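**Student:** Can you keep this structure in mind? I'll have questions shortly.
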Amino acid sequence: MDDKTTISSIRIGKGLAEKLDSIAKRDGTSRVEIIRRALEAFIAQQLEPPAKSAQQVLDLVYKRAGRKPVSSRETSDVFNEGYREEGIS
Amino acid sequence: MRFALDSSVLVGYFIDSDKVHAPAVRLIDNILDGTVSYACVSKITVAETGYVLERKTNDENFAYTCMHALTNDLRLDVLDLTWELTIILSHLKAINPVSFCDNATITAAKLTNSNALFTKEKEILAREKGKLQGASILFLEELV
């Protein structure tokens, strides 16, 4: 350990550890690296200044999602499908 | 004005090709700048918004990202499923001929002394408006 790093130990559940290992294996890296990346992403998100307009929030959403969505159906069609599934028409 | 927002309003906001996108953006701007004094959603509405967005876009990650934003970035009061909300929702679903999630919006409005705000994309709700009990029903398309 050099003077630019510190050790921070955490206890995590077995289920979470298995998920971390699965992601690490898929990405060809270690559980520690996945935790490090997750912490950095979380902290960056927490430090984002609060959005002041509706468009700023939308821009954040598109940035976080990685793309602007393409809508394939009318909203009313989706709601009517939901009503039919509940037996309401 | 005080509003309990329905998923139809929120879906319109997140999808920029939606018919009600422009008025939904204006409403969210008014919430963020304080012109609207209070706005809330129930967590049931958060879930409904997510499923509708996922079906519209076939993108689970986008739906999740929108659900996260509406609970964290839009300065909405997000109502938990408390016992009080549970029993009011149960009764309203028994007497109102609309969906469980529509009744969740009306319940949120009743609990917070707000207006339940929908869009006319929910055609059944628009048709049944006169029969609905629990809170005042307003439509985004009719807000000045």
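**Student:** Which of the following residues is closer than 12 Å to B:LEU70 by Cβ and in contact with a helix residue (DSSP H, G or I) (Cβ under 8 Å, 6 or more places away or on another chain): B:VAL11, B:VAL36?
**Tutor:** Only one candidate qualifies: B:VAL11.
**Student:** Considering every residue within the range B:119-136, establish whether at least one is at the interface with chain A (Cβ under 8 Å from one of its Cβ atoms), free of Cβ contacts under 8 Å to residues at least 60 places away in the same chain and closer than 28 Å to A:LEU58 by Cβ.
**Tutor:** Scanning the range B:119-136 turns up at least one residue that is at the interface with chain A (Cβ under 8 Å from one of its Cβ atoms), free of Cβ contacts under 8 Å to residues at least 60 places away in the same chain and closer than 28 Å to A:LEU58 by Cβ.
**Student:** Starting from residues that are in contact (Cβ under 8 Å) with a residue 12 or more places away in the chain and within 7 Å of chain A (Cβ to nearest Cβ), keep the ones in the range B:57-68 and report whichever is surrounded by the most Cβ atoms within 10 Å (Cβ to Cβ).
**Tutor:** Filtering first and then ranking leaves B:CYS66.
**Student:** Also, quick follow-up: With the condition kept exactly as written, say whether any residue in the range B:77-87 is within 12 Å of another protein chain (Cβ to nearest Cβ) and either touching a residue at least 12 places away in the same chain (Cβ under 8 Å) or surrounded by 15 or more Cβ atoms within 10 Å (Cβ to Cβ) (or both).
**Tutor:** No, the range B:77-87 has no match at all.
**Student:** Next question, about the same structure. Suppose we filter the range B:96-144 for residues that are among the small types (Gly, Ala, Ser) and modelled with pLDDT under 90; how many remain?
**Tutor:** Pass one, the range B:96-144, residues among the small types (Gly, Ala, Ser): B:99, B:104, B:108-109, B:114, B:116, B:126, B:130, B:134-136.
In the following step, the residues that additionally are modelled with pLDDT under 90 were identified as B:126, B:130.
The number of residues fulfilling the criteria is 2.
**Student:** Same structure again: Is it the case that the range A:3-10 has a residue that's loosely packed, with under 10 Cβ neighbours inside 10 Å and of a type in the set (Asp, Glu)?
**Tutor:** Within the range A:3-10 (the criterion being loosely packed, with under 10 Cβ neighbours inside 10 Å and of a type in the set (Asp, Glu)), the answer is yes, since at least one residue qualifies.
A quick yes/no check of all residues on (1) within 19 Å of B:HIS68 (Cβ to Cβ); (2) among the acidic types (Asp, Glu); (3) within 14 Å of chain B (Cβ to nearest Cβ):
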residue	(1), (2), (3)
A:GLY13	no, no, no
A:ASP27	no, yes, no
A:VAL32	no, no, no
A:ILE35	no, no, no
A:GLU40	yes, yes, no
A:LEU47	yes, no, yes
A:ALA54	yes, no, yes
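**Student:** Scan the range B:22-56 residue by residue and report those that are crowded, with 22+ Cβ neighbours inside 10 Å and at the interface with chain A (Cβ under 9 Å from one of its Cβ atoms). First the steps, then the outcome.
**Tutor:** Residues of the range B:22-56 crowded, with 22+ Cβ neighbours inside 10 Å: B:24, B:27-28, B:39, B:41-42, B:45, B:48-50, B:52-53, B:56.
Hits for the range B:22-56 are B:ALA24, B:LEU27, B:ILE28, B:GLU48, B:VAL52, B:LEU53, B:LYS56.
The values are calculated or read from the model by the stated rules, or taken from the named source; none is laboratory data. Only a predicted model underlies this, so the values are computations on that prediction, with no experimental measurement involved. Backbone-built Cβ (ideal geometry, glycine too); neighbour counts: all protein chains shown.
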